[in-house]
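The values are calculated or read from the model by the stated rules, or taken from the named source; none is laboratory data. Note that this is a predicted model, so its numbers are computed, not measured. Backbone-built Cβ (ideal geometry, glycine too); neighbour counts: all protein chains shown.
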Amino acid sequence: MRLNETEKVAYLFADWPETMIWSCLQGIMGEILVDDLEVPKSVLARIGRRSSFGFLAGEPCLDLIEVCRGEDIILVLQQCWLV
């Protein structure tokens, strides 16, 4: 689900000083996708349409990983996403 109120998830990227992430959070480019619009616990900052970069944060969520399947370069900060 695409999130427009990106301030809800900015804290999940607080330890990640990546310009592309902050551009998504500021609405300059890309999009922010979450597991739940009201209380997001998992987030994907994605830039690009066909081949894109994705940054996963928060709790692991298979639905967000599936959004990226086969076409994206995905980066994670927390080890829990790698399991």
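Points worth noting:
This table checks each residue for (1) of a type in the set (D, E, K, R); (2) closer than 12 Å to M1 by Cβ.
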{"site": "D15", "(1), (2)": "yes, no"}
{"site": "E18", "(1), (2)": "yes, no"}
{"site": "W22", "(1), (2)": "no, no"}
{"site": "I28", "(1), (2)": "no, no"}
{"site": "L37", "(1), (2)": "no, yes"}
{"site": "G48", "(1), (2)": "no, no"}
{"site": "S52", "(1), (2)": "no, no"}
{"site": "G58", "(1), (2)": "no, no"}
{"site": "I65", "(1), (2)": "no, no"}
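- Each residue in the range 26-65 was checked for being over 11 Å from V9 (Cα atoms) and aliphatic (A, V, I, L, M), and 7 of them qualify.
- For the range 31-60, a residue qualifies if it is more than 19 Å from W16 (Cα to Cα) and not polar (S, T, N, Q), and the qualifying residues are D35, D36, L37, E38, V39, G48, R49, R50.
- Annotation: of all residues in the range 26-38 being of a type in the set (A, V, I, L, M) and at pLDDT 95 or above, the one that is farthest from Q79 (Cα to Cα) is L37.
- Listing of strands (runs of 3 or more DSSP E) fully contained in the chain that carry 1 or more residues being of a type in the set (D, E, K, R), surrounded by 11 or more Cβ atoms within 10 Å (Cβ to Cβ) and within 10 Å of the chain's Cα centre (by Cα): 31-34, 42-47
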